[in-house]
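First up is the structure itself, then whatever we jot down about it.
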Amino acid sequence: AHMPRWAQGASVSEVGTLQLEWRYLSHVTNNPKYAEYVDSITNTLSTVHFPNETQGLFTRFIDPANGKLVDKYVTLGARVDSVYEYFLKAYL
């Protein structure tokens, strides 16, 4: 994921939403390599350490190099909402 200069890391939504598209690409191409590429993203997001202040909710940005949340601003809006939506869609 590309980090804009003003951002503190990569957008959690941007990182999280990749999983569904790439898994679908594996399905339509009958090639598991695309799903395998995003497995590390899914694993990182599912094992992320949440600061106590966030009460288990994602913050807006994640460091793509180490998988750690880099701010403490919790929102269910921009930069986070899609990750919850895509987790649900991937589950279903």
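The values are calculated or read from the model by the stated rules, or taken from the named source; none is laboratory data. All figures in this text were calculated on a predicted structure; none of them were measured in a lab. All Cβ positions, even for glycine, are placed from backbone atoms using ideal geometry, and neighbour counts span all protein chains on display. To get the accessible areas, we keep the full protein, side chains included, count just its heavy atoms, and leave off ligands, DNA and RNA. Shrake-Rupley method; radii C 1.70, N 1.55, O 1.52, S 1.80 Å.
Long hydrophobic helices in the chain, taken as whole DSSP H segments with a C-alpha length of 30 Å or more on their own axis and mean Kyte-Doolittle hydropathy at least 1.0, are absent.
The computed Kirkwood radius over Cα pairs in Å for the structure shown corresponds, within (1) 13.0; (2) 13.5; (3) 14.4, to (2).
Modelled spin-label separation between THR44 and LEU18, with each label point placed 7 Å from Cα along the Cα-to-Cβ direction: 0.7 nm. Rolling a 1.4 Å probe across all protein chains gives SER26 an accessible area of roughly 10 Å².
Would you work out the relative contact order for the chain, in percent, from Cα pairs under 8 angstrom that are 6 or more residues apart? Don't skip to the answer; put the middle values down first.
Working: 133 pairs, mean separation 32.0, N = 92.
Relative contact order here is 35 percent.
Take the alpha carbon gyration tensor of region 38-92, find the square roots of its eigenvalues, order them as a ≥ b ≥ c, and report rounded if a/c is under 1.5; if not, report prolate when a/b exceeds b/c, else oblate. If you can, show how the numbers build up before the last one.
Details: a/c = 1.74, a/b = 1.19, b/c = 1.47.
Oblate.
So if R0 is 41 Å, what FRET efficiency would ASN31 and TYR73 give, r being the distance between their Cβ atoms, rounded to the nearest 0.05?
On the way: r = 38 Å, r/R0 = 0.93.
My answer for the efficiency is 0.60.
Per residue, the chain exposes 66 Å² of solvent-accessible protein surface, assessed with a 1.4 angstrom probe and all protein chains in place.
Taking 0.36 nm per intervening residue step and subtracting the Cα-Cα distance, what contour gain separates ASN52 from ALA90 on full extension? Could you put the intermediate results ahead of the total?
Working: separation 38, 0.36 × 38 = 13.68 nm, distance 2.70 nm.
Length gained between ASN52 and ALA90: 11.0 nm.
With θ taken as phi - 60° and the Karplus curve 6.51 cos²θ - 1.76 cosθ + 1.60 applied, the whole-hertz 3J(HN,Hα) list for region 49-64 is 7, 8, x, 3, 5, 8, 6, x, 9, 5, 8, 6, 10, 10, 7, x Hz, x standing for glycine and proline.
Amide H to amide H, with H built 1.01 Å from N, PHE61 comes under 5 Å of VAL12, VAL70, ASP71, counting only residues 5 or more places away or on other chains.
The accessible surface of the chain, taken with every protein chain in place and a 1.4 Å probe, is 54 percent carbon and sulfur.
Accessible area per residue (1.4 Å probe, heavy atoms of protein chains only) ranks LYS33, LYS68, LYS89 as LYS68, LYS89, LYS33, with the largest value leading.
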